[in-house]
Each structure stands twice: as C-alpha cells, then as structure tokens.
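Data first, discussion second: the structure below is written as structure tokens.
The values are calculated or read from the model by the stated rules, or taken from the named source; none is laboratory data. All of these numbers come straight from a predicted model, not from anything done at the bench. Glycine also receives a Cβ, built like all others from the backbone with ideal geometry; neighbour counts cover every protein chain displayed.
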Amino acid sequence: MSIAQSYKVFIGSSFIQFGNEPKNTTVFNSQINNPSIKNLTELIADVETNTLQAILITGDSPQNWKSFCSFFKTVEAAGGFVHNEQGEWLFIYRNGMWDLPKGKLEMAEKIEDCAVREVSEECGIAPPEIRKALSTTYHTYNLNGARILKPTYWYLMKSADKSELIPQTEEGISVVKWVTSSEAKRLAQTSFGSIRQVVTEGLLTN
C-alpha cells in the first residue's frame, strides 16, 4: 500500500501540516480530521491573522489538499541552496530578510532550468551545477487581495565561480554573500520557515 504524500504549508510564522507528522516531533495547537470547506475557510482566515500556530489535518490527505488548494492561485517557483569549493553557502538579503535565491517559473521553462537561472540572475554568478533535488516547500502570501500558494522546488547546487557577487537589486536584493555552515544555520533561524527547512535538509544532505 502506498503512503499518501504529506504537505507542510507555511503561512506567515505558522504552518498547516497535511498528513501524518513524519517524526512525531511537532507539538500541534490543534488537529482536524477531514475538515469541511467551511472549516477550511475559517481555519485559513484564523491562521493568516494569528501567529505561531501549528495545525495538523488528518484523514483523506489527497482530498484535503485539493480542497485547501482551491482557496489559492498557484504560482510555481524554483531555487537553489548553493555551496562553493570552499564549503561556503550562498545567501541573499532581500527586502529586509535573509533568504535563498529563487524565483518564478517562466512559461514552458523546465523546473531545473528555472532554479539555475534564478540563482545566476539574483546573485550575479555563472550558472551553478545541480547536485541533487531537495524538498519542495509551500508558502502562501497575498497579492493585490488574492491568495497565492507558492510551491518552490529546491536543488542542492555547487558553484565554481569565484567572481564578485552582484545582487539583482531590481528584485529587492541588496546583499549576496558566501557564509560558513554555522552562519548558514544562524541566518536560516532569522528567515522564513520554508528557508529553515531547506537549509537544514541541505546541510544534512551535503
């Protein structure tokens, strides 16, 4: 019997987990089994306006996920957690937050090509080499009154480029820098939940 896919969606400083918690390590504020559309409407509104919540939704995961996604417009993106030959990691400072390079998928573009292009454009480096796929993260935001769900496909990458880093300022990026593994962990703790997830996985994988 196949195991249903689990989804973790970051909404601000909170998150909703669909399916079982893999390692049973999270303390959830509440657990809901097969919520109705009305339940989901109220839940999403509540999580959007209240911080530091962890909600577990159990039951029919595929149907629960489909119902949840119906509240959002989906915008796909891809990005990279990049290391160099010195074992350092590439971070950007975007709109007041430490982040990893990523961006939206263009029409007819392959996910892997998008990830490499965005890293190259946002950091001013030659296209890095993809080493392996990491997890896909999900987060939501509001744009002009519309709810957006953004799945971001992440890749572990390696760069041999030693040239000066050039931030893509038109994308709100003011700083690009290589950091040590310990600093990567520290910067991730001040970033978004999805970035913390990628950095943790990437450091363990590398």
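At a glance:
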{"read-out": "Positions within segment 84-118 being in contact with a helix residue (DSSP H, G or I) (Cβ under 8 Å, 6 or more places away or on another chain), within 25 Å of Thr180 (Cβ to Cβ) and in a strand (DSSP E or B), in sequence order", "value": "Trp89, Leu90, Phe91, Ile92, Arg94, Trp98, Asp99, Lys102"}
{"read-out": "Segment 176-206: number of residues that are modelled with pLDDT of 95 or more and farther than 28 Å from Thr51 by Cα", "value": "6"}
{"read-out": "Identity of the residue in segment 70-90, in contact with a strand residue (DSSP E or B) (Cβ under 6 Å, 6 or more places away or on another chain) and over 19 Å from His139 (Cα atoms), that ends up surrounded by the most Cβ atoms within 10 Å (Cβ to Cβ)", "value": "Val82"}
{"read-out": "Total residues in segment 138-166, condition surrounded by 18 or more Cβ atoms within 10 Å (Cβ to Cβ) and small (Gly, Ala, Ser)", "value": "1"}
{"read-out": "Residue within segment 173-190 that is under 17 Å from the mean Cα position of the chain (by Cα), touching a residue at least 40 places away in the same chain (Cβ under 8 Å), part of a loop (DSSP other than H, G, I, E, B) and within 30 Å of Phe71 (Cα to Cα) present", "value": "yes"}
{"read-out": "Qualifying positions in segment 133-170 - in a strand (DSSP E or B), over 17 Å from Thr200 (Cβ atoms) and of a type in the set (Val, Ile, Thr)", "value": "Thr140, Ile148"}
{"read-out": "Some residue of segment 131-144 being hydroxyl-bearing (Ser, Thr, Tyr) and farther than 21 Å from Arg196 by Cα", "value": "no"}
